[in-house]
Amino acid sequence: AQRVTQPEKLLSVFKGAPVELKCNYSYSGSPELFWYVQYSRQRLQLLLRHISRESIKGFTADLNKGETSFHLKKPFAQEEDSAMYYCALNDAGGTSYGKLTFGQGTILTVHP
Amino acid sequence: KAGVTQTPRYLIKTRGQQVTLSCSPISGHRSVSWYQQTPGQGLQFLFEYFSETQRNKGNFPGRFSGRQFSNSRSEMNVSTLELGDSALYLCASSFGGRGTGELFFGEGSRLTVL
(Lines give C-alpha, C1' and ligand atoms only; values in the text may rest on other atoms or scores of the structure.)
Protein backbone atom coordinates (compact mmCIF):
# COMPACT_ATOMS: atom_id res chain seq x y z
CA ALA A 1 0.00 0.00 0.00
CA GLN A 2 1.13 3.53 -0.64
CA ARG A 3 2.38 5.60 2.23
CA VAL A 4 3.70 9.13 2.70
CA THR A 5 5.92 9.92 5.65
CA GLN A 6 6.81 13.35 6.95
CA PRO A 7 9.20 12.65 9.81
CA GLU A 8 9.02 16.10 11.41
CA LYS A 9 5.81 17.24 13.04
CA LEU A 10 7.36 20.58 13.96
CA LEU A 11 10.15 22.55 12.32
CA SER A 12 11.44 25.90 13.51
CA VAL A 13 13.90 28.14 11.70
CA PHE A 14 14.90 31.77 11.78
CA LYS A 15 14.10 34.22 9.03
CA GLY A 16 16.69 34.05 6.27
CA ALA A 17 17.80 30.53 7.14
CA PRO A 18 17.43 27.64 4.70
CA VAL A 19 14.58 25.27 5.30
CA GLU A 20 13.97 21.70 4.21
CA LEU A 21 10.77 19.79 4.89
CA LYS A 22 11.23 16.07 4.42
CA CYS A 23 8.88 13.74 2.64
CA ASN A 24 9.39 10.06 1.87
CA TYR A 25 6.96 7.84 0.08
CA SER A 26 6.43 4.18 -0.60
CA TYR A 27 4.79 3.24 -3.85
CA SER A 28 5.70 0.66 -6.41
CA GLY A 29 4.56 2.52 -9.51
CA SER A 30 5.19 6.00 -10.87
CA PRO A 31 3.71 8.42 -8.38
CA GLU A 32 2.64 11.97 -8.79
CA LEU A 33 3.72 14.00 -5.80
CA PHE A 34 2.50 17.29 -4.45
CA TRP A 35 3.08 19.71 -1.64
CA TYR A 36 -0.02 21.35 -0.16
CA VAL A 37 0.09 24.20 2.34
CA GLN A 38 -2.37 25.56 4.84
CA TYR A 39 -1.72 29.04 6.17
CA SER A 40 -3.41 30.20 9.35
CA ARG A 41 -7.17 30.57 8.84
CA GLN A 42 -6.92 29.69 5.15
CA ARG A 43 -7.89 26.70 3.10
CA LEU A 44 -5.60 23.90 2.16
CA GLN A 45 -4.05 24.83 -1.18
CA LEU A 46 -1.58 23.45 -3.67
CA LEU A 47 1.96 24.75 -3.34
CA LEU A 48 3.67 22.76 -6.06
CA ARG A 49 3.71 19.44 -7.91
CA HIS A 50 6.66 17.48 -9.13
CA ILE A 51 5.60 17.21 -12.76
CA SER A 52 5.67 20.96 -13.28
CA ARG A 53 9.16 21.35 -11.83
CA GLU A 54 8.44 24.96 -10.95
CA SER A 55 9.41 27.17 -8.06
CA ILE A 56 6.54 28.65 -6.10
CA LYS A 57 7.16 31.34 -3.48
CA GLY A 58 10.81 30.37 -3.61
CA PHE A 59 10.12 26.72 -2.77
CA THR A 60 11.35 23.83 -4.88
CA ALA A 61 11.02 20.10 -4.56
CA ASP A 62 12.79 17.39 -6.50
CA LEU A 63 11.49 13.90 -6.88
CA ASN A 64 14.23 11.39 -6.06
CA LYS A 65 12.97 8.00 -7.13
CA GLY A 66 16.08 6.24 -5.87
CA GLU A 67 15.57 7.53 -2.34
CA THR A 68 11.76 7.72 -2.74
CA SER A 69 11.83 11.25 -1.45
CA PHE A 70 10.25 14.56 -2.38
CA HIS A 71 11.75 17.06 0.03
CA LEU A 72 10.60 20.68 -0.03
CA LYS A 73 13.34 23.31 0.12
CA LYS A 74 13.70 27.05 0.31
CA PRO A 75 17.07 28.78 0.59
CA PHE A 76 15.89 31.76 2.65
CA ALA A 77 12.82 31.31 4.83
CA GLN A 78 10.41 34.18 5.41
CA GLU A 79 8.01 34.74 8.29
CA GLU A 80 5.05 34.40 5.91
CA ASP A 81 6.17 30.84 5.17
CA SER A 82 4.94 29.78 8.61
CA ALA A 83 2.20 27.23 7.92
CA MET A 84 1.29 23.57 7.91
CA TYR A 85 2.79 21.70 4.97
CA TYR A 86 1.50 18.41 3.64
CA CYS A 87 3.20 16.10 1.20
CA ALA A 88 0.74 14.10 -0.90
CA LEU A 89 0.86 11.30 -3.42
CA ASN A 90 -1.50 10.40 -6.22
CA ASP A 91 -1.29 6.72 -7.02
CA ALA A 92 -4.34 6.20 -9.15
CA GLY A 93 -2.34 5.86 -12.33
CA GLY A 94 -4.26 8.46 -14.23
CA THR A 95 -7.71 7.18 -13.35
CA SER A 96 -8.46 9.24 -10.30
CA TYR A 97 -6.87 12.55 -9.60
CA GLY A 98 -9.06 13.26 -6.64
CA LYS A 99 -7.50 10.54 -4.53
CA LEU A 100 -4.45 11.69 -2.62
CA THR A 101 -2.55 10.00 0.15
CA PHE A 102 -1.35 12.66 2.57
CA GLY A 103 1.49 12.67 5.03
CA GLN A 104 0.84 13.73 8.60
CA GLY A 105 2.03 17.25 7.94
CA THR A 106 4.82 19.47 9.21
CA ILE A 107 4.18 22.71 11.04
CA LEU A 108 6.83 25.20 9.96
CA THR A 109 7.47 28.21 12.15
CA VAL A 110 9.78 30.94 10.92
CA HIS A 111 10.97 33.20 13.70
CA PRO A 112 11.91 36.85 13.08
CA LYS B 1 -14.59 32.85 -9.22
CA ALA B 2 -16.32 31.34 -6.23
CA GLY B 3 -14.42 28.67 -4.35
CA VAL B 4 -15.59 25.32 -3.07
CA THR B 5 -18.48 25.79 -0.68
CA GLN B 6 -19.33 23.38 2.08
CA THR B 7 -22.41 23.39 4.28
CA PRO B 8 -23.00 23.29 7.12
CA ARG B 9 -19.76 24.58 8.54
CA TYR B 10 -20.40 23.25 12.03
CA LEU B 11 -22.78 20.67 13.38
CA ILE B 12 -23.30 18.64 16.51
CA LYS B 13 -24.95 15.24 16.48
CA THR B 14 -25.44 12.42 18.95
CA ARG B 15 -24.40 8.80 18.56
CA GLY B 16 -26.69 6.80 16.35
CA GLN B 17 -27.92 9.75 14.33
CA GLN B 18 -27.09 10.34 10.71
CA VAL B 19 -25.69 13.40 8.99
CA THR B 20 -25.58 14.78 5.46
CA LEU B 21 -22.89 17.20 4.34
CA SER B 22 -23.02 19.19 1.15
CA CYS B 23 -20.34 20.42 -1.22
CA SER B 24 -20.63 22.79 -4.17
CA PRO B 25 -17.56 22.60 -6.40
CA ILE B 26 -15.99 25.36 -8.41
CA SER B 27 -17.96 26.02 -11.58
CA GLY B 28 -16.76 23.74 -14.37
CA HIS B 29 -15.19 21.18 -12.06
CA ARG B 30 -16.57 17.69 -12.52
CA SER B 31 -14.64 15.85 -9.82
CA VAL B 32 -15.47 16.08 -6.14
CA SER B 33 -13.46 14.28 -3.47
CA TRP B 34 -14.11 13.97 0.23
CA TYR B 35 -11.56 13.70 3.01
CA GLN B 36 -11.78 13.17 6.74
CA GLN B 37 -9.31 15.08 8.88
CA THR B 38 -8.63 14.13 12.50
CA PRO B 39 -5.73 14.92 14.83
CA GLY B 40 -4.80 11.27 15.10
CA GLN B 41 -5.18 10.02 11.55
CA GLY B 42 -4.60 13.21 9.59
CA LEU B 43 -6.18 13.59 6.17
CA GLN B 44 -7.78 10.41 4.88
CA PHE B 45 -9.47 9.93 1.54
CA LEU B 46 -13.11 8.94 1.66
CA PHE B 47 -14.28 8.86 -1.95
CA GLU B 48 -14.23 10.65 -5.27
CA TYR B 49 -17.08 11.32 -7.65
CA PHE B 50 -16.74 12.24 -11.29
CA SER B 51 -19.71 12.88 -13.55
CA GLU B 52 -22.11 11.40 -10.99
CA THR B 53 -20.11 8.16 -10.69
CA GLN B 54 -18.00 7.06 -7.77
CA ARG B 55 -14.53 6.76 -9.23
CA ASN B 56 -12.62 5.72 -6.15
CA LYS B 57 -13.28 4.83 -2.54
CA GLY B 58 -11.15 4.91 0.56
CA ASN B 59 -11.01 2.43 3.39
CA PHE B 60 -14.05 3.50 5.37
CA PRO B 61 -17.03 1.45 6.52
CA GLY B 62 -20.24 1.35 4.55
CA ARG B 63 -21.82 3.86 6.94
CA PHE B 64 -20.02 6.47 4.87
CA SER B 65 -21.64 7.10 1.53
CA GLY B 66 -21.88 9.83 -1.03
CA ARG B 67 -23.38 10.90 -4.26
CA GLN B 68 -22.98 13.50 -6.95
CA PHE B 69 -25.68 15.31 -8.83
CA SER B 70 -25.81 16.34 -12.46
CA ASN B 71 -24.66 19.86 -11.55
CA SER B 72 -21.57 18.32 -9.90
CA ARG B 73 -22.71 19.20 -6.39
CA SER B 74 -21.99 16.40 -3.99
CA GLU B 75 -23.30 15.15 -0.69
CA MET B 76 -21.85 12.71 1.76
CA ASN B 77 -23.82 10.87 4.37
CA VAL B 78 -22.73 9.18 7.54
CA SER B 79 -25.27 6.89 9.18
CA THR B 80 -25.32 5.52 12.71
CA LEU B 81 -22.81 8.06 13.93
CA GLU B 82 -20.07 7.00 16.31
CA LEU B 83 -17.94 9.15 18.58
CA GLY B 84 -14.96 8.46 16.36
CA ASP B 85 -16.68 10.12 13.42
CA SER B 86 -16.02 13.51 15.01
CA ALA B 87 -13.79 15.21 12.48
CA LEU B 88 -13.38 17.95 9.94
CA TYR B 89 -14.77 16.77 6.62
CA LEU B 90 -13.13 18.43 3.64
CA CYS B 91 -14.42 18.53 0.13
CA ALA B 92 -12.15 19.19 -2.83
CA SER B 93 -12.97 19.75 -6.47
CA SER B 94 -10.99 19.58 -9.69
CA PHE B 95 -11.51 19.32 -13.41
CA GLY B 96 -10.87 15.63 -12.96
CA GLY B 97 -8.89 14.96 -16.06
CA ARG B 98 -5.34 13.79 -16.57
CA GLY B 99 -2.68 16.39 -15.99
CA THR B 100 -4.71 18.68 -13.79
CA GLY B 101 -3.58 17.39 -10.45
CA GLU B 102 -4.61 20.38 -8.38
CA LEU B 103 -7.38 19.96 -5.87
CA PHE B 104 -9.27 23.00 -4.61
CA PHE B 105 -10.42 22.54 -1.04
CA GLY B 106 -13.36 23.92 0.83
CA GLU B 107 -13.22 25.21 4.39
CA GLY B 108 -14.71 22.00 5.72
CA SER B 109 -17.63 20.87 7.81
CA ARG B 110 -16.74 20.26 11.43
CA LEU B 111 -18.79 17.43 12.87
CA THR B 112 -18.94 16.76 16.59
CA VAL B 113 -20.58 13.55 17.75
CA LEU B 114 -21.66 13.46 21.40
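The values are calculated or read from the model by the stated rules, or taken from the named source; none is laboratory data. Predicted model only: the values in this text are computed from it and were never measured. Glycine gets a Cβ as well: all are built from the backbone with ideal geometry, and neighbour counts include every protein chain shown. Heads up: the accessible areas ignore ligands, DNA and RNA and are worked out on the full protein's heavy atoms, side chains in. Shrake-Rupley method; radii C 1.70, N 1.55, O 1.52, S 1.80 Å.
Viscosity 0.692 mPa s, temperature 37 °C: what is the translational diffusion coefficient of segment A:1-61 from Stokes-Einstein with a Kirkwood Rh over Cα pairs, rounded to a whole number of µm²/s?
Value of D from the Cα-based Kirkwood radius: 242 µm²/s.
What's the Cα-based Rg to Rh of the protein assembly as shown, Rh via Kirkwood?
Rg divided by Rh gives 0.97.
Using r as the Cβ-Cβ distance of B:N77 and A:H111, and R0 as 45 Å, what FRET efficiency do you calculate, to the nearest 0.05?
So the FRET efficiency works out to roughly 0.50.
Cα centroids of segment B:1-46 and segment A:51-112: how far apart, whole angstrom?
Spelled out, the Cα-based centre of one part sits 23 Å from the other.
Please average, across the residues of A:29-39, the number of beta carbons from any other chain that are within 10 Å of each residue's own beta carbon, and give a whole number.
Mean shielding count: 1.
Kindly rank B:83-93, B:47-57 from highest to lowest mean number of other beta carbons found within 10 Å of each residue.
Sorting B:83-93, B:47-57 by mean packing, highest first, produces B:83-93, B:47-57.
For chain B, what does the accessible surface come to per residue with a 1.4 Å probe? Please give it in Å².
Computed with neighbouring chains in place, this is 47 Å² per residue.
Quantify how strongly other chains surround peptide A:44-53 by giving the mean number of their Cβ atoms within 10 Å of each of its Cβ atoms.
Neighbouring Cβ atoms belonging to other protein chains average 3 per residue here.
So with the 1.4 Å probe, I'd like the accessible area per residue for chain A, rounded to whole Å².
For chain A, the per-residue accessible area is 50 Å².
If contacts are Cα pairs under 8 angstrom and at least 6 residues apart, what is the relative contact order of segment B:1-52 in percent?
Averaging sequence separation for qualifying contacts and normalising by length gives 29 percent for segment B:1-52.
Run the accessible area of chain B with a 1.4 Å probe and give the carbon-and-sulfur part as a rounded percent.
Within chain B, the accessible surface is 48 percent carbon and sulfur.
Using a 1.4 Å probe on protein heavy atoms only, how many Å² of accessible area do B and A hide from each other, summed over both chains and rounded to 100?
Interface area, both chains combined: 1800 Å², rounded to the nearest 100.
Please report, as a whole percent, how much of the solvent-accessible surface of chain A comes from carbon and sulfur atoms (probe radius 1.4 Å).
C and S fraction of accessible area: 50 percent.
Do you know the relative contact order of chain B, to the nearest whole percent, from alpha carbon pairs under 8 angstrom that are 6+ apart?
RCO, chain B: 36 percent.
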